[in-house]
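I have placed the structure first, in the form of structure tokens, so that the comments after it can refer back to it.
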Amino acid sequence: METLSGKIALVTGGNSGIGYATAKELKAQGAEVIITGRRKEAVDKAAQELGATGFIADQGDLSAIEQLAATVKEQFGKLDILFINAGVVQTAAIEDATEAMFDNIFDINFKGAYFTLSRFIPLLSEGASVTFLSSNTASMNGATSSVYSASKAALNAVMKIAAVELAPRKIRVNAVSPGPTETEILKKQGLSEEQLKGLHDWIIDRVPLRTMGKAGDVGKMVAHLSRSESSFITGAEFLMDGGMSL
């Protein structure tokens, strides 16, 4: 059923993982979808598979965000759905953290997400939906996750203030906070198959529902928050972590 027909959606970091799954769900529900990413080959491939429009844009670069906004305005005129998804994961104990790691995480996860919202606000139609990809770690206290968790906690604070600021235009702003989710990102950490299995088992032991999340389920939640059924929901964080944060 095409419940998002006539809507224009932008998914940052839409060439893989949760972003790709969300773009696929929005497309299936009738939206016209735009995806972004940093690697041209990956963006072009994903856009072709999805039947979406792909643009190269680095969320850690303010000038790239502003160019993206200008391009979207020129080619599409407006946005009805904005899913600010692009992000990076890096961990280190506080004692071992480097300035380069700190800056990389905050430049992309917080500063980049913040200014993506900022620069796209003029393009948002009345009644539009904005969703941030946060994380259950924003409200947890795991060792080695201080910088990453702080970047997501900061994002949640902005989400709530944005919900207040944009309410006069009926624009709703929410966050989805997944826990451990089956995506390719774990395989990019340079771990062996044995290490990956050990990490998987370690995670499952800490999730009451005894399973990993699915990227497609996050996509369905973002789509739900983008539909008229969610017109009274704003400033809310939706935990999707199988009870892990309990």
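Just wondering, is there one or more residues in the range 167-174 that are buried (at least 21 other Cβ atoms within 10 Å of the Cβ) and farther than 27 Å from Phe232 by Cβ? Checked against the condition, which is being buried (at least 21 other Cβ atoms within 10 Å of the Cβ) and farther than 27 Å from Phe232 by Cβ, the range 167-174 yields no hits at all. In the range 83-95, the qualifying residues are those that are outside any loop (DSSP other than H, G, I, E, B) and over 17 Å from the mean Cα position of the chain (by Cα), and the one that is nearest to Ala128 (Cα to Cα) is Ile94.
Taking the range 207-216, which residues are surrounded by 17 or more Cβ atoms within 10 Å (Cβ to Cβ) and not small (Gly, Ala, Ser)? Please lay out each step first, then the result.
Pass one, the range 207-216, residues surrounded by 17 or more Cβ atoms within 10 Å (Cβ to Cβ): 207, 212-213, 215.
Answer for the range 207-216, where residues must be surrounded by 17 or more Cβ atoms within 10 Å (Cβ to Cβ) and not small (Gly, Ala, Ser): Val207, Met212.
Of all residue pairs spaced 6 or more apart or on separate chains, those with beta-carbon atoms under 9 Å, a first member in the range 204-228 that is under 12 Å from Thr131 (Cα atoms) and a second member that is among the aromatic types (Phe, Trp, Tyr) and surrounded by fewer than 21 Cβ atoms within 10 Å (Cβ to Cβ) are Met221/Phe238; Leu225/Phe238.
In this structure, does Val88 turn out to be out of contact with any Lys or Arg (no Cβ under 6 Å at 6 or more places or on another chain), over 18 Å from Gly235 (Cβ atoms), surrounded by 14 or more Cβ atoms within 10 Å (Cβ to Cβ) and free of Cβ contacts under 8 Å to residues at least 24 places away in the same chain?
Details: out of contact with any Lys or Arg (no Cβ under 6 Å at 6 or more places or on another chain): yes; over 18 Å from Gly235 (Cβ atoms): yes; surrounded by 14 or more Cβ atoms within 10 Å (Cβ to Cβ): yes; free of Cβ contacts under 8 Å to residues at least 24 places away in the same chain: yes.
Considered against the rule, which asks whether it is out of contact with any Lys or Arg (no Cβ under 6 Å at 6 or more places or on another chain), over 18 Å from Gly235 (Cβ atoms), surrounded by 14 or more Cβ atoms within 10 Å (Cβ to Cβ) and free of Cβ contacts under 8 Å to residues at least 24 places away in the same chain, Val88 comes out as yes.
Among residues of the range 103-124 that are hydroxyl-bearing (Ser, Thr, Tyr), those with a Cβ under 6 angstrom from a residue that is not in a helix (DSSP H, G or I), sequence gap 6+ or separate chain, pair up as Thr116/Ile84.
Over 16 Å from the mean Cα position of the chain (by Cα) and closer than 24 Å to Ala28 by Cβ, is that true of Met212?
Details: over 16 Å from the mean Cα position of the chain (by Cα): yes; closer than 24 Å to Ala28 by Cβ: yes.
When the stated conditions are applied, Met212 passes them.
All of (1) among the small types (Gly, Ala, Ser); (2) closer than 22 Å to Leu239 by Cβ; (3) surrounded by 21 or more Cβ atoms within 10 Å (Cβ to Cβ) hold for Ala128 with one exception: (2). With the condition kept exactly as written, say whether any residue in the range 170-189 is part of a helix (DSSP H, G or I), modelled with pLDDT of 90 or more and closer than 13 Å to Val130 by Cα. Checked the range 170-189: no residue is part of a helix (DSSP H, G or I), modelled with pLDDT of 90 or more and closer than 13 Å to Val130 by Cα.
The values are calculated or read from the model by the stated rules, or taken from the named source; none is laboratory data. Keep in mind that what you see is a predicted model, and the values were worked out from it rather than measured. So basically every Cβ, Gly included, is an ideal-geometry build from the backbone, and we count neighbours across all protein chains shown.
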